[in-house]
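Engineer: Let me give you the structure first, and then I'll get to my questions.
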Amino acid sequence: MTGDQLFFYFLLALVAFIVIRKSIRKRSVKNYSAAEARMHMTNGSVMLDVRTGRERSYRSIPGSLHIPLHELNTRMNELERFRSKEIICYCASGSRSISAALRLKKAGFNAANLEEGIASWNF
């Protein structure tokens, strides 16, 4: 086996590991469709936008909170008043919001993810 082949198999294994890890992480968080998230909002769940300010300026879910993902760790105390509620995280496509929901879950919050992000939301 040549060095190029070993490198190729290493990269293939790394990609497989990342895909499997992401799948496992996603399963450990509740994932809601837009319709399910709307229903949970009527029952008191809070929507948390973890996109950048620039992304949010284009459109956002009415009534949602905004803490960009890169600021979540330092601003988590702002969410303490919602500790007794479910926090549904969303981003553009659902990738960053999974990370946010996992961070919140690790900190003891009841957190979920909006599948497919704001792109799935009908305004």
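The values are calculated or read from the model by the stated rules, or taken from the named source; none is laboratory data. Values in this document were obtained by computation on a predicted structure and should not be read as measured data. Reconstructed Cβ throughout: ideal geometry from the backbone, glycine too, with neighbour counts over all protein chains shown. The protein model used for the area step is the full one, side chains on, heavy atoms only, and it has no ligands, DNA or RNA in it. Shrake-Rupley method; radii C 1.70, N 1.55, O 1.52, S 1.80 Å.
Engineer: Kindly write out, for segment 44-60 in residue order, the coupling ³J(HN,Hα) from the Karplus curve 6.51 cos²θ - 1.76 cosθ + 1.60 (θ = phi - 60°), rounded to whole Hz, with x marking Gly and Pro.
Structural biologist: These are the phi-based 3J(HN,Hα) values: x, 5, 10, 9, 10, 8, 10, 7, 6, x, 5, 4, 5, 5, 6, 5, 8 Hz.
Engineer: Tell me which DSSP H helices of the chain clear both cut-offs, 27 Å or more of axial length from alpha-carbon atoms and a mean Kyte-Doolittle hydropathy of at least 0.0.
Structural biologist: 3-27
Engineer: Among Tyr58, Tyr90, Tyr32, which one shows the highest mean-square fluctuation when the chain is modelled as a Gaussian network with alpha-carbon springs under 10 Å?
Structural biologist: Greatest mean-square fluctuation among the candidates belongs to Tyr58.
Engineer: If you take every DSSP beta bridge fully contained in the chain, what fraction is antiparallel? Give it as a percent rounded to 5.
Structural biologist: Percent antiparallel among DSSP bridges in the chain is about 0.
Engineer: Further question: Hey, can you grab everything whose amide H is under 5 Å from the amide H of Ile88? Only 5+ residues off in sequence or another chain; H modelled, so Pro and N-termini drop out.
Structural biologist: Counting only residues 5 or more places away or on other chains, the set is Val46, Met47, Leu48, Ala112.
Engineer: Also, quick follow-up: If Lys and Arg each add +1 and Asp and Glu each add -1, what is the summed charge of the other residues whose beta carbon sits under 12 Å from the beta carbon of Gly63?
Structural biologist: Overall, the nearby charge balance is 0.
Engineer: Before I look further, what does the chain give for accessible area per residue, probe 1.4 Å, in whole square angstrom?
Structural biologist: Averaged over the residues of the chain, the accessible area is 62 Å².
Engineer: Still on this model: Average the reciprocal distances over every distinct pair of alpha-carbons in the chain, invert the result, and give the Kirkwood radius in Å.
Structural biologist: One over the average 1/r among Cα pairs gives 15.4 Å for the chain.
Engineer: Let me ask something else about it. Of Met76, Ala35, Cys91, which is farthest on the positive side of the dipole of the chain, counting Cα position, with +1 on Lys and Arg Cβ, -1 on Asp and Glu Cβ, and the Cα centre as origin?
Structural biologist: Met76
Engineer: Testing the spin-label approximation: label points 7 Å from Cα along Cα→Cβ at His70 and Tyr9. State their distance in nm.
Structural biologist: For the pair His70/Tyr9, the computed spacing is 3.9 nm.
Engineer: Any idea what the dipole of the chain comes to, in debye rounded to 20, about its Cα centre with Lys/Arg Cβ at +1 and Asp/Glu Cβ at -1?
Structural biologist: The dipole magnitude comes to about 260 debye.
Engineer: Any chance you could run the full-extension gain for Arg38 through Thr2? It's 0.36 nm times the residue separation minus the Cα-Cα distance, nm to one decimal.
Structural biologist: 7.5 nm
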